[in-house]
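Beneath this line is the structure, given in structure tokens, with notes to follow.
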Amino acid sequence: MKQKNKNHKVFGWIIAGGLVVLTAVLALVFFTPKEENTILKELKAKNGYIRSVGADEYAFFEKLVSRDSTSEMTETELEKQTIERINRVNAMFMLASRMDLCKPYSFESFQLDLENENSQRKLKKEKGEVFYGPVEFSLTTYYDYISSNIKLDLVQFITSNADREVQDGAKAYFEEHKENYRMIESVEYLLTVGGRAEEKTALYEDFSILEKTDSELFEFLYYGAKGEVLESVYQGNSRKIEILSVEYEELTYKNNAERVMRDYITNVYLENWLQELEAAYPVEINF
């Protein structure tokens with residue numbers, strides 16, 4: 001369950017003077033109509049703070065990177081991606097803490113917060129109180145839980161405080177990604193089962209039923225394109241599906257404004273600023 005903004009139990013972080021500088025920079029970023037290049041220059045000019053990362057924290061994030069990787073990595077690649085992951089965490093929680101969405105970050109505080117969270121959940125279970133999620137988090141599942149909530153909170157905060165620049169950016173994003181904001185009206189396809197072929201049409205209202213009754217067909221038709229073919233075994237019979245045509249209803253920005261805004265902030269606006277913070281405040285591996 002998503003936690004309230006100020007009740008997030010997140011990593012604690014001792015930053016000293018660097019946070020004061022960052023506060024001023026972020027205020028300029030979100031609330032002052034200045035040229036973006038000027039803001040970026042000011043941010044980069046204040047990049048004197050470097051946080052040290054110990055062996056335990058490094059090992060934890062190295063494990064996460066290995067878990068999330070879809071392919072084998074060399075030792076050099078693993079090290080590079082581990083440092084990148086740590087820098088991303090630093091940037092995300094630094095930004096969130098300056099918005100009062102969480103408290104500052106340190107790996108040690110994160111582990112203490114995990115213990116406290118698990119103790120509270122155990123007590124709630126003993127009292128018969130209702131709560132969401134597991135009775136006990138592991139270090140990795142607690143990280144997944146907290147970091148996903150923090151990112152959602154960042155997007156929500158920026159969305160709620162979006163100025164004209166952000167709104168214009170969202171509209172431009174919509175124009176560049178219109179194909180992602182359209183609704184399927186119908187899909188005509190050729191279904192061949194056991195050598196018998198039949199042309200069929202799936203309408204928009206049919207997809208909610210298909211998703212529950214035949215997920216393979218649903219996913220192929222919903223995400224597929226004209227000319228694509230899928231061959232598989234379904235309920236013991238060979239099956240071939242060929243998409244003959246797809247008709248879409250193009251949707252307007254006005255009808256998709258909230259969704260487009262969140263997508264733009266997540267994929268572009270927030271991503272750009274996190275990258276800038278990663279570059280301005282890199283970690284130092286200290287073991």
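Rule-based calculations on the coordinates, nothing more; no lab input. Nothing here was measured: the structure is a model prediction, and the numbers come from that model. Cβ sites come from the backbone with ideal geometry, for glycine too, and all protein chains shown count toward neighbours.
Evaluating Lys124 against the criteria (1) out of contact with any Phe, Trp or Tyr (no Cβ under 7 Å at 6 or more places or on another chain); (2) surrounded by 12 or more Cβ atoms within 10 Å (Cβ to Cβ); (3) free of Cβ contacts under 8 Å to residues at least 40 places away in the same chain leaves one unmet condition, (1). The helices (runs of 4 or more DSSP H) falling completely within the stretch 198-287 that include 2 or more residues that are free of Cβ contacts under 8 Å to residues at least 24 places away in the same chain and over 22 Å from the mean Cα position of the chain (by Cα) map to 207-213, 215-223, 253-264. The set of residues in the stretch 199-234 being within 15 Å of Ile184 (Cα to Cα) and among the basic types (Lys, Arg) consists of Lys226 alone. Note on the stretch 193-250: residues that are loosely packed, with under 10 Cβ neighbours inside 10 Å and of a type in the set (A, V, I, L, M) amount to 2. The lone criterion from (1) among the basic types (Lys, Arg); (2) under 16 Å from Asn256 (Cβ atoms); (3) outside any helix (DSSP H, G or I) left unmet by Lys171 is number (3). Hey, any hits in the stretch 259-270 for a residue that's farther than 30 Å from Ile150 by Cα and surrounded by 14 or more Cβ atoms within 10 Å (Cβ to Cβ)? There is no residue in the stretch 259-270 that is farther than 30 Å from Ile150 by Cα and surrounded by 14 or more Cβ atoms within 10 Å (Cβ to Cβ). When Val130 is tested against (1) surrounded by fewer than 12 Cβ atoms within 10 Å (Cβ to Cβ); (2) within 19 Å of the chain's Cα centre (by Cα); (3) not acidic (Asp, Glu), just one condition goes unmet, and that condition is (2).
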